[in-house]
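Down below is the structure, laid out as structure tokens.
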Amino acid sequence: MIEYENLQKTNSIFIENFNESLKSFYNSGWYILGENVVAFEKEYAEYCNTKYCVSVASGLDAMIIALEVNNFPKGSEIIVASNTYIATILAVIRAGLKPVLVEPLIDTYNINPEQIEQNITTNTKGILITHLYGRPCAMDRIMELSEKYELQVFEDCAQAHGAIFNGKTVGSFGIGCHSFYPTKNLGALGDGGAITLNDKTLYEKIKAYRNYGSEIKYHNKYIGINSRLDEIQAIFLRLKLKSLRQINDKKIQLAEVYDNLLTNDVTKPFANVNEKHVFHIYNIRCSKRDKLKNALLSENIKTEIHYPIAPHHQEGYKSVLKGYFPISEEIHNTTLSLPIAFFHTKEDIAKVSEIINYTLKKI
């Protein structure tokens, strides 16, 4: 069996040091917003090349908080990609704002900058882009548009820890929103998230906002929420952050095996010279996607689909998301995510490639 993911195998090299760190954590008697959270925030800000980082309870909370603290008028429009994961859109709605869907580019799966400009209105206040699958968006053009129209840029970096565009780390262009869900390249042992930014005033507000809106205990400056990364997750993330470049490099190497061995009967990710794709997901597109997925499973190879249903077709969102998005639908109907976890070997990837090539000759 070649599993799609196995978190026990992925995290096994970190567990011995983690267990050692737990002893000092327990003995400290300080379990919420303690020294490990403070240290992780500093270390992750440095990794992302930003001045500040505020950790929170999840990637979704990171996006909601980042949107809410900007105090946009209720109902203001926020541009998002039409093929993003539903959390990105949910964050906009939960913040009392209106998501405006914009199609992606069919070759990168990231939001199309030229379509962003076509959808900007007097009610548009921000652009919430998603660095999908680990590939950075075209941030040069997006930042040009943000300056031209005075829009705040928010980055959904949930799948792109350490991805780079034009020498700059994602999460440092605008307000970076990060998820540490266990399957991510920088995954915790539970939920967790963070916001990275360079604005000191906004940093101080977010830091209070995530803790009941309180800067001083029992003094509530803002109507905030309770969204805090716990010390245990911070301990594990600090250990894993030290190996993040190793994790990303390993996944890039595995992606190169797919690139070299997979048949051109599937659409493979391609590399742009000005970006570093960190391959949280290695996705292909295939017109016979479902048949291929089932055939691989019969050969004991597990795959996933990110994502099978377009956001505007989700039952709970049909009254909110209107329009026709053919590029998004094409992606959702044909995309398939192949095994590319940290524990996989090049031999695993070669075997998956061989079976895909053989299978496509038959179906």
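Please treat every number below as a calculation from the coordinates, not as lab data. Nothing here was measured: the structure is a model prediction, and the numbers come from that model. FYI the Cβ positions are ideal-geometry reconstructions off the backbone, even for glycines, and counts take in every protein chain you see.
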Rounded to the nearest 500, what is the 222 nm mean residue ellipticity of the chain from helices alone, with -39500 (n - 2.57) per DSSP H run of 4+ residues and division by all residues? -12500 deg cm²/dmol
If each part is reduced to its alpha-carbon centroid, the stretch 267-301 and the stretch 167-231 end up apart, in Å, by 32 Å
Find me the longest stretch of the chain that has none of the exposed chymotrypsin sites (Phe, Trp or Tyr not before Pro), where exposed means in a DSSP loop (not H, G, I, E or B) with at most 10 other Cβ atoms within 10 Å. 1-217
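I'd like the Kirkwood hydrodynamic radius of the stretch 1-112, using the inverse of the mean 1/r over distinct C-alpha pairs, in Å.
Working: mean 1/r = 0.0565 Å⁻¹.
Radius from the Kirkwood sum: 17.7 Å.
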Descending Cα extents along the principal axes, the stretch 226-363, whole Å: 51, 47, 35
Sorted from largest down, give the three principal axis spans of the alpha carbons of the stretch 234-281, whole angstrom values. 44, 21, 13
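Could you line up 1, 139, 63 from fewest to most neighbouring Cβ atoms inside 10 Å?
Numbers: 1 7, 139 24, 63 32.
Going from sparsest to densest Cβ surroundings: 1, 139, 63.
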About its Cα centre, the stretch 277-363 carries a charge dipole, from +1 on Lys and Arg Cβ atoms and -1 on Asp and Glu Cβ atoms, whose size in debye to the nearest 20 is 220 debye
Mind checking which lysines have their C-alpha under 18 Å from residue 217, skipping anything on the same chain fewer than 8 residues away? 205, 207
Which of 340, 78, 86 has the fewest other C-beta atoms within 10 Å, and how do the rest follow up to the most? 86, 340, 78
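Quick one: of 268/302; 9/242; 288/318; 268/322, which pairs are farther than 25 Å apart, Cα to Cα? Don't skip to the answer; put the middle values down first.
Values: 268/302 18 Å; 9/242 18 Å; 288/318 27 Å; 268/322 30 Å.
Beyond 25 Å between Cα atoms: 288/318; 268/322.
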For residue 74, list the aspartates and glutamates whose Cα falls under 19 Å from its own Cα; do not include residues on the same chain fewer than 8 positions away. 61, 150
FRET efficiency (residue 200, residue 166; Cβ distance; R0 22 Å; to 0.05) is 0.30
Among 337, 244, 358, the residue whose Cα sits farthest towards the positive end of the charge dipole of the stretch 244-360, when +1 is placed on the Cβ of each Lys and Arg and -1 on the Cβ of each Asp and Glu, is 244
Where the centre of each part is set by its Cα atoms, how far does the stretch 30-78 sit from the stretch 91-140, in angstrom? 20 Å
If I model the stretch 282-349 as equal point scatterers sitting on the Cα atoms and use the Debye formula, what is log10 I(q)/I(0) at q = 0.13, 0.19 Å⁻¹? -0.47, -0.80
per DSSP, antiparallel bridges as share of beta bridges in the chain, % nearest 5, sits at 55 percent
q = 0.16, 0.27 Å⁻¹, the stretch 174-231: log10 I(q)/I(0) [Debye, one scatterer per Cα]: -0.57, -1.06
Would you kindly state how much longer the chain becomes between residue 249 and residue 215 on full extension, computed as 0.36 nm times their sequence separation minus their alpha carbon distance, in nm to one decimal? 8.3 nm
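Between residue 351 and residue 46, what is the FRET efficiency for a Förster distance of 35 Å, r being their Cβ-Cβ separation, to the nearest 0.05?
Numbers: r = 39 Å, r/R0 = 1.11.
That pair, residue 351 with residue 46, gives E of 0.35.
Distances over 28 Å make up what percent of all Cα-Cα pairs in the chain?
Looking at the chain, the distances longer than 28 Å represent 44 percent of pairs.
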